[in-house]
1. Name the most mobile residue of GLN245, GLN105, GLN212, meaning the one with the largest mean-square fluctuation, in a Gaussian network model of the chain with Cα contacts below 10 Å.
2. Excluding VAL243 itself, calculate the net charge of residues whose Cβ lies under 12 Å from the Cβ of VAL243, where each Lys or Arg counts +1 and each Asp or Glu counts -1.
3. With all distinct Cα pairs included, what does the Kirkwood hydrodynamic radius of segment 41-181 come out to in Å, to one decimal, could you say?
4. How many Å³ per residue does the convex hull of the Cα positions in segment 172-325 occupy?
5. If you build a Gaussian network model of the chain, linking Cα atoms that sit under 10 Å apart, which residue out of ALA148, ALA45, ALA244 swings the most?
6. Please return the longest stretch of the chain lacking exposed loop sites, where GluC sites (Glu not before Pro) count only if DSSP places them in a loop and at most 11 other Cβ atoms lie within 10 Å.
7. Are there trypsin sites (Lys or Arg not before Pro) in segment 251-304 that DSSP puts in a loop and that have at most 16 other Cβ atoms within 10 Å, and which ones?
8. Compute the convex hull volume of the Cα atoms of segment 192-268, divide it by the residue count, and report the result per residue in Å³ as a whole number.
Amino acid sequence: MITIGIIGGSGYTAGELIRILLYHPYATIDFVYSTTNAGKPISVAHHDLLGDTDLHFTNVINPNVNVVFLCLGHGKSKAFLEGNQFANHTKIIDLGNDFRLHDDQKFQNKNFVYGLPELQKSKIKTANYIANPGCFATAIQLALLPLAQANQITTEVHINATTGSTGAGVSPSETSHFSWRNNNMSHYKAFEHQHLAEINQSIASLQENFSQELLFIPNRGDFPRGIFATLYTHCTKSLEEIVAQYEAFYKEHPFVTITTTNINMKQVVQTNKCIISLMKKGDRLLITSIIDNLVKGASGQAIQNMNLMFGLNETTGLQLKPSGF
C-alpha cells in the first residue's frame, strides 16, 4: 500500500483527494494535516465524508510516508517545505503553482517535473517531485497540444473559458459569495491570467519558435465545479485531418476523448476525463475542452501522477462516473 500524507487538508482540493483515495485499491491515507482543524473529524470540513471515514485532522506530520500532496494554495508550498523535512524516499506532489515554471522547478536539491501526463508521461514515471498543472492550464493545453506538436499554431488563439466557484478556493470572498455569484457571470484577469505562463511553456516545448498570442478571457460561472473552454484559431486542414491528428496524439492517454459532437460540462463533472470537441467553419477551427476543475484540473490529475510514479496503471482509482442529471 502507498502511504499518503495530505497537507492543507480542509480545502476543496484536499477534500477531493480524500474522497478518491479512500477508495483507491493501493493507497492508504496516513494523515491529513490542518492547523486550523487539528483533532477534529475530517467530516467537519468535508461534510459528505460523514460515515465514510474515521480520520481526524492533525497538526503533526509523518515524515516517512511514501507520498505527500501539498494543497496549501499558491505560493505557500516553498515555505512549508523549508519548515518541514520529509524522508528522502518521500515523493511530493504540489497542487499549487510554486514549481510549475522552468525557473522554479529546482528547489532544495529537488527537481520538480511538470505533471501533465498527456505531455510528460515518461518523465512523470521516473520523477520524485511533481508540480501539478493548474485547472485552466490543463483544459487549454489539452485543447492545443496536438496542434503545437504539428507546428500548426500559426495565428493568435482566442480563448474563452468559464470555471465554477470552487476554482476560487474554500475561503469566502466577494466574488464567491452565493448572493453575488448566483445568476451572475463576470470575467477576471483578462489577457493576463497566471496560467498563461505554464500554457505557453508547454506549447513552446512542442512547437519550436512558438510566438503566437493566446488571448485568454477567464470567466466566473454561477455553478460550483467544472471548466468549459472554447478556443478558435486559423487552420487550413480539413476537419477529418484534424480529428485524426488529435486521436493519434491522445491514443495512449485514457482520460482524453475526441468528438465532433456538441458537448456539455455534465459529461465530465466528478470525473478525471477531458472531452475535446472539434468543429470547423471555413478556415476557423473551434476547439471545445471540458474538465472538472477539482478532478482532472487538480486532485484527480494528482492521483493520476501518483499512479504513474508508483508504477500503477494511471486509471487506478479514477474510474469515476459523471452525473448526467
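Please treat every number below as a calculation from the coordinates, not as lab data. Note that the structure is predicted; figures quoted are calculated from it, not measured. Cβ: placed from backbone, ideal geometry, glycine included. Neighbour counts: every protein chain shown.
1. Highest fluctuation among the options: GLN212.
2. Surrounding charge for VAL243 is -1.
3. 18.0
4. Per residue, the Cα convex hull of segment 172-325 comes to 155 Å³.
5. Highest fluctuation of the listed residues: ALA244.
6. For GluC sites (Glu not before Pro) (loop position, at most 11 other Cβ atoms within 10 Å), the longest site-free span of the chain is 1-173.
7. LYS251
8. About 147 Å³ per residue, rounded to a whole number.
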